[in-house]
Amino acid sequence: MRLSQSFIKTLRDAPKDETARSAGYLIRAGYIYKEMAGIYDYLPLGLKVIENIKGIIREELNKIGGQEILMSSLQNPELWKKTDRWDDTKVDIWFKTELSAGGELGLAPTHEEPITNMLKTYVKSYKDLPLAVYQFQTKFRNELRAKSGILRTREFLMKDLYSFHTSEEDLDRFYHEAEGAYAKIYERLGLGDDTFETFASGGVFSKYSHEYQTIIPVGEDTVYYNKDKSVVLNEEVLLDEVLDDLKVKREDLESTRAAEVGNIFKLKFKYSEPLGLKISDENNAVQNVYMGCYGIGVSRVMGVIAEKFCDDKGLVWPENIAPFKYYLAPIGEAANKLADELYAGNEETILLDDRDLRPGEKFTDAELMGIPYRIVISDKTLAENSVEIATRKTGESKLISLDEFKKMLAV
């Protein structure tokens, strides 16, 4: 990307009603655009971050046998009526619309019902299972109060994975594999040290579910943890029965704020039974299919990472999800010529600031955007056949030879 050719302009101020620091930086740096409360657009830089997050998730889910699909956002009410989730008094976050020819449709808040119904066409026998399918898809939830930028929105991108099994034992097996995949995902996203598998309510279909909570001051949830954080639980399950079950004492727990970045559930027959997803087993007897579901809020994860790693100058992206690795800022005509040569063939890793601006303005924008490394070429560095490289995370800068930088680009 050449900034001189981009429509993105950094902004001095964020919208006055935007209170989350991360959201302010994301808007000012040109990653997202706020349409209205809880509704955001993802601009070129923001979309690259989203795609990098998706890439990490996709790689880890494919390793455990996930198959990627893409489903419709528009929902048939009849499916949701069968599971008693169409009624607004039961599920109060629906966006619904009327068809001009009559009847209603919904905008999906999640996809358990339609994926279960779809698989009735393709899954008939125990030989067709196990099966795990996932998608990256826009979800819609009519939140009473959208807040904290892209941490809680009314339209958001989710990765939702659904698994189908012949037995509870096989569901348990895959559930454990998903736990391992999630641990690797959060580690690769740079959140591993502060993200914990957390005991949460399992609702009516299991004793517990597991959430993945990232400790962060602006988080909406309160979690409790023991000394070594081997047991972390959501405030909603801070009950004597649960504490006894987990073999921890209330007085040994501390609390903190956290943001939920994922969750996994053992659904068992919660959706397969009312929707009629059945198979014939080895003895040709008919049985319900066991199910699990596994979610990650992709856009929310982006917001959590932005909030977690920002400082008083702007964003500080981890290298593997940053939109670019290098922010190249040439100063002077000779520097501009060399920058063009370096940029050619490295468009995926270099954000080239070729705008006619003062050096200080470029450096300020580099810090605001949070690109991991700022590369400066100037008359001074050219005289020494070198470039200046500054690390955004630490603020340290040094001169390295031009050949060394070219080797870095070739990696």
Most positive-pole-ward Cα, Asn284, Val91, Phe265, against dipole of segment 3-309 from beta carbon charges: Val91
Globularity index of segment 232-355, i.e. its alpha-carbon radius of gyration over 2.2 N^0.38 Å: 1.90
Extension gain from Thr394 to Glu347, taking 0.36 nm per residue of separation minus the Cα-Cα distance: 14.4 nm
Interchain or long-range residues, amide H under 5 Å from Arg392's placed H: Tyr373, Arg374
Cα-Cα over 25 Å, subset of Lys54/Lys362; Lys9/Lys48; Lys81/Lys278; Lys227/Lys247: Lys54/Lys362
Protection proxy ranking, peptides 5-11, 113-119, 171-177, average beta carbon neighbours within 10 Å, highest first: 113-119, 171-177, 5-11
Listed residues Lys266, Lys227, Lys159, most fluctuating in the chain (Gaussian network, C-alpha, under 10 Å): Lys227
Reach of Lys337 by Cα under 18 Å, taken over aspartates and glutamates that are not fewer than 8 positions away in the same chain: Glu347, Asp353, Asp354, Asp356, Asp379, Glu384, Glu388, Asp403
Charged-residue dipole, Cβ positions (Lys, Arg, Asp, Glu), segment 3-309 about Cα centre, Debye nearest 20: 1040
For segment 47-172, with +1 on Lys and Arg beta carbons and -1 on Asp and Glu, the positive-most of Thr138, Asn117, Gly65 along the dipole: Thr138
For segment 117-251, convex hull volume per residue from C-alpha positions, Å³: 165
For Val298, net neighbour charge (Lys/Arg +1, Asp/Glu -1) across residues whose Cβ lies under 12 Å away: +3
Cα convex hull of segment 1-87, projected area averaged across orientations, nm²: 9.6
Cα gyration tensor shape of segment 326-410, rounded if a/c is under 1.5, else prolate or oblate by comparing a/b with b/c: rounded
Environment charge at Asp160 (Cβ cut-off 14 Å; Lys +1, Arg +1, Asp -1, Glu -1): +3
In range of the label at Thr222: residues from segment 230-271 whose backbone nitrogen is under 17 Å from the point 7 Å along Cα→Cβ: 232-240, 243, 250-260
Two-site label geometry, Phe269 and Asn76: point separation in nm, points 7 Å out along Cα→Cβ: 2.3
Gaussian network model of the chain, Cα within-10 Å springs - most flexible of Val237, Val223, Val301: Val237
Ordering of 316-325, 359-368 by packing [mean C-beta count within 10 Å, highest first]: 316-325, 359-368
CD proxy at 222 nm, helix term only [per DSSP H run n ≥ 4: -39500 (n - 2.57); per residue of the chain; nearest 500]: -9000 deg cm²/dmol
Residues of segment 150-167 with amide N under 20 Å of the 7 Å Cα→Cβ point at Lys127: 164-167
Neighbour net charge for Asn263 - beta-carbon separation under 11 angstrom, K R +1, D E -1: -4
Calculated FRET efficiency for the pair Ala37/Thr97, C-beta based, R₀ 25 Å, to 0.05: 0.80
Estimated vicinal HN-Hα couplings, Hz - segment 104-112 in sequence order (Karplus 6.51, -1.76, 1.60; Gly, Pro = x): 10, 10, x, 9, 4, x, 6, 9, 4
For Glu104, distant residues with modelled amide H under 5 Å away: Leu99
Long-range amide H partners of Ser201 with built H, under 5 Å: Ser209
Theoretical FRET efficiency, 1/(1+(r/R0)^6), r = Cβ-Cβ of Leu239 and Glu179, R0 22 Å, to 0.05: 0.40
Acute angle (nearest 10 degrees) that the helix 359-369 long axis makes with the longest principal axis of the chain, alpha-carbon atoms: 10
Given charges at Cβ of Lys, Arg, Asp, Glu: the chain dipole, positive-most of Ala200, Met158, Ser255: Met158
Listed candidates (1) 196; (2) 176; (3) 126 - label of the one calculated as volume of the Cα convex hull per residue in Å³: (2)
J(HN,Hα) series, segment 147-153, from Karplus relation 6.51 cos²θ - 1.76 cosθ + 1.60, nearest Hz, glycine and proline x: 7, 6, x, 8, 6, 9, 10
Karplus-derived 3J(HN,Hα), 6.51/-1.76/1.60, for each residue of segment 174-189, Hz, glycine and proline x: 5, 4, 5, 5, 5, 4, x, 5, 5, 4, 5, 4, 5, 5, 5, 7
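Taken together, the values in this text are just the output of simple stated rules run on the coordinates, not laboratory data. Here the structure is a predicted model, which is why all the values come from computation and not from measurement. Methodologically, a virtual Cβ is constructed for each residue, glycine included, from the backbone with ideal geometry; neighbour enumeration extends over all protein chains shown.
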